[in-house]
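Take a look at the structure set out below.
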Amino acid sequence: MKVRMRVAAAVAALALVASAAGCTSGGVVAKVNGKKITREEFDSIVAVAKKQDTTLASLKEGDPQLLQYKRMILDSMIEAEMVRQEAKRLGINVTDKDVDAKLAEIKASYPDEASFNEVVKQSGMTMEQIRQSISDQLVYQALYDKVAPAPKISEEEMKKYYEQNKTTQFTKEPEAHLLHILFSENDKATAEKVLKEIQGGADFGALAAKYSTDPGSKDSGGDLGTAPTSRYVKEFQEAADKLKVGEVSGLVKTQFGWHIIKKVSETPGGIQSYEEVKDLIKATLEQEARTKAWNDYLAKLKAKTKIEILDKELANASSAGSTETTAK
């Protein structure tokens, strides 16, 4: 479970892992071992979620979809409070310095302070909310690492996984290194002129830089890099597949215009060897084991936690994986 600590991730985390601290007015939506989740806090999280999702914002009160989403938010807030309480019981503590360090890391990923502040403004969150979200994420990560450490994966387990999945997960498509020059649909005359120059020995890259209308590749001589040809539109793929290494196509028409394609090299597809993918297999098996251990731990934690949803409408609503609760 990796903690993604950009502000965008903190926004999502706030909607899913909100703090139940600091708000005491406006009624109580739920309790977790007696700890209150207030109406004021819950409504503020819903408001942020609506600001982030225009579809959600368009839903009217009483809409079943909106109610389901609200229940999902509440379930996540309940889970967050359970995790917070369990972390405290186990002596896990996230300090202001920890939050400061992670916040500084987030800010450093932006060009400047103004860019960061603009993202914060657009998110609809306060810095206090962002800091709390970061704190919650750090607590989650610390508890996760404590109760679901990476297990030791044997060579035998990895080879078994490889044999069971090599034809589905580890089959690599053929790849080709291609260059292209793109012309607009109504500029076929120029495309034909440039094609003749290439066929006469002119430098493909230089002509791409001069004539191509593809902003993503023209400055690099039309270089599209190495990739499976299946990533391209059908007409382009079929033309590229027919080319031999070093060969240049005729004019190829696609929805984007006219192309001239050159194949620089190609790599055959096939099943990757065990040695090529063993590190990936190890990481996959470790993550699967850790996820199962974490989910089992959470299930046991929920089973022994006293949860009360005091809002009858939310108590009767459902969301995927909702916490079993009682309404009063």
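The values are calculated or read from the model by the stated rules, or taken from the named source; none is laboratory data. Computed from a predicted structure; not experimentally measured. Heads up, the Cβs are rebuilt from the backbone with ideal geometry, glycines too, and the neighbour counts pull from every protein chain shown.
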Open item on the list: Could you go through the stretch 104-112 and let me know if any residue there is under 30 Å from LYS312 (Cβ atoms), out of contact with any Ser or Thr (no Cβ under 7 Å at 6 or more places or on another chain), of a type in the set (Asp, Glu) and assigned to a loop (DSSP other than H, G, I, E, B).
Closed with: no
- [ ] Please report, ordered by residue number, the strands (runs of 3 or more DSSP E) entirely within the stretch 200-283 with at least 1 residues that are touching a residue at least 12 places away in the same chain (Cβ under 8 Å), β-branched (Val, Ile, Thr) and in contact with a helix residue (DSSP H, G or I) (Cβ under 7 Å, 6 or more places away or on another chain).
- [x] 252-254, 257-267
Task: Subset tally (residues that are at pLDDT 90 or above and within 20 Å of LYS50 (Cβ to Cβ)) for the stretch 131-149 - done: 0
- [ ] Keeping to the stretch 136-163, report how many residues are assigned to a loop (DSSP other than H, G, I, E, B), over 28 Å from LYS88 (Cα atoms) and touching a residue at least 60 places away in the same chain (Cβ under 8 Å).
- [x] 1
Open item on the list: Restricting to the stretch 48-71, give me the number of residues that are part of a loop (DSSP other than H, G, I, E, B) and farther than 24 Å from MET127 by Cβ.
Closed with: 5
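Every residue, every condition in (1) modelled with pLDDT under 90; (2) loosely packed, with under 12 Cβ neighbours inside 10 Å; (3) over 21 Å from TYR140 (Cα atoms), yes or no:
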site: SER25; (1), (2), (3): yes, yes, yes
site: ASN33; (1), (2), (3): no, no, no
site: ILE37; (1), (2), (3): no, no, no
site: ASP43; (1), (2), (3): no, no, yes
site: VAL46; (1), (2), (3): yes, no, yes
site: LYS50; (1), (2), (3): yes, no, yes
site: ASP53; (1), (2), (3): yes, no, yes
site: GLY62; (1), (2), (3): yes, yes, yes
